[in-house]
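Enquirer: Take this structure first; my questions come after.
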Amino acid sequence: MYGFLLAQPAGVLRASGLRAAYDDPARAVAALRSGAAELIVGALPFDPRRPAALAQPDRAEHTAGPWRPAAVPDLPPVRVVSELPSPAEHVARVTKLVEQLDDPARPLRKVVAARSVLAEAQAPLDPELTAAHLLVRHPKANVFAVDLTPSGRAAALVGATPEVLVTRQGDTVTLRPLAGTLPRSTDPTVDAQQARELFASSKNRTEHAYVIDWIRERLAPVCRELTIPDGPELVSTNEVWHLATPITATLRQPAPTALELAVLLHPTPAVCGTPTQLALDTIIESEPDRGFYGGAVGWCDARGDGTWLVAIRCAEISGDGRAVRAFAGGGIVAASDPHAELDETTAKLRTFLGGLRCAAPEN
């Protein structure tokens, strides 16, 4: 049975049943515009050339306010069994990328390098119950559980992301891109110093600026007004500090749907790099398939309204529920420190693995 869950602090969308599946976003948009579909839900892959996992559900229910699961029974024990690549290999790969990025003869300016861990569960994991455990640990996050079978992938994507890619309501568009990260500390004094260091970091501000410039370039042709603050602000999760910039825009007519906006903006430099196509090619050449990590999860209705989230702090759970592949990445620029980048991915992995009470691997 097809299933989709998106739980945000302000509301929850739950959908089930499958009237039609779409592995091509353009076909899903056509179904919305023709009136053949009232709602499309699902996920976009990291690599836009790969099949999407979009669906027209049989049933859907929106409820206001946060998700409050009736019960959250314990999950089966989960343990990490392998890392891809190993910590040492990740440091070596980042070191090589820094050398490339420091070469003025190369046009590449930023690449997001990701790594993953494979974990095994002693008994099958239920995706929605796993999402509920993530919600308990991260009550302010955007929690999701998405059936990926419309893409031909026998798996579910489950996560707790802090980042909204784009929301459209009428002709108003809102975004809050995140780029630039430092781990948090349990020591309040050290934690406050980490926040100050991130906010003052030229390396992280440069990384953040690439994202903002990309969004401005992509949205300008479809918007008649675009409001972007002069600089970012600090936001935090349990594990990390981020730089964030709240953006608002007013669409031109005829307005693109929320799904079309998600396709237009994805992948941003926050999950891919700069220039986008060169960074994407570099990632595809140097990493295993990321699947739907770094993609987008969300919904769009026949009015064109909807919300799409950046699929980070997430994992794919295999069809039998026994294997979990969790991902984390970091933006690499010429000023990056490879060991600090490894620490960042470890901190990000704790978001998902901590929800399973499975420790992130030590560096």
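Nothing in this text is a laboratory measurement; each read-out follows from the coordinates by a stated rule. Just so it is clear, the structure is predicted and the values come from calculations on it, not from any experiment. Glycine also receives a Cβ, built like all others from the backbone with ideal geometry; neighbour counts cover every protein chain displayed.
Enquirer: How compact is segment 1-139 by the rule of thumb for globular proteins, expressed as Cα Rg over 2.2 N^0.38 Å?
Expert: So segment 1-139 has a normalised radius of gyration of 1.41.
Enquirer: Once you have a ≥ b ≥ c as the square roots of the Cα gyration tensor eigenvalues for segment 142-271, tell me rounded if a/c is under 1.5, and otherwise prolate or oblate according to whether a/b is larger than b/c.
Expert: oblate
Enquirer: Determine the dipole magnitude for segment 64-197: charges of +1 sit on the beta-carbon of Lys and Arg, -1 on that of Asp and Glu, nothing else is charged, the reference point is the Cα centre, and the result goes in debye to the nearest 20.
Expert: 300
Enquirer: Starting at the first residue of segment 69-82, write each ³J(HN,Hα) from the Karplus equation 6.51 cos²θ - 1.76 cosθ + 1.60 with θ = phi - 60°, in whole Hz, x for Gly and Pro.
Expert: Along segment 69-82, the couplings run x, 5, 8, 10, x, 4, 8, x, x, 10, 9, 6, 10, 7 Hz.
Enquirer: Just name one of 334, 253, 129: the one whose Cα is farthest towards the positive end of the charge dipole of the chain (beta-carbon charges, Lys/Arg +1, Asp/Glu -1).
Expert: 253
Enquirer: Which residue fluctuates most in the GNM of the chain (Cα springs below 10 Å): 86, 202, 34?
Expert: For the chain, modelled as a Gaussian network with Cα springs under 10 Å, the answer is 34.
Enquirer: With unit charges on the beta carbons (Lys and Arg positive, Asp and Glu negative) and the dipole taken about the Cα centre of the chain, which residue among 179, 223, 85 sits farthest to the positive side?
Expert: Sorting the options by dipole projection puts first 223.
Enquirer: So for the chain, averaging the separation of alpha carbon pairs under 8 Å that are six or more residues apart and normalising by length, what relative contact order in percent results?
Expert: Across the chain, relative contact order equals 25 percent.
Enquirer: A further question on this structure: Once Rg and Dmax of the Cα atoms in Å is worked out from the coordinates, which option in [x] 19.3, 58; [y] 20.5, 68; [z] 21.5, 63 does it equal?
Expert: Only one listed value fits the structure, namely [x].
Enquirer: List the GluC sites (Glu not before Pro) in segment 282-363 that DSSP assigns to loop (not H, G, I, E or B) and whose Cβ has at most 11 other Cβ atoms within 10 Å. Which are they? The partial results should precede the final answer.
Expert: Working: sites: 285, 316, 341, 344, 362; in loops: 362.
Loop-located and lightly packed - 362.
Enquirer: Once you've got the GNM for the chain with C-alpha springs shorter than 10 Å, pick whichever of 248, 130, 186 has the biggest mean-square fluctuation.
Expert: 186
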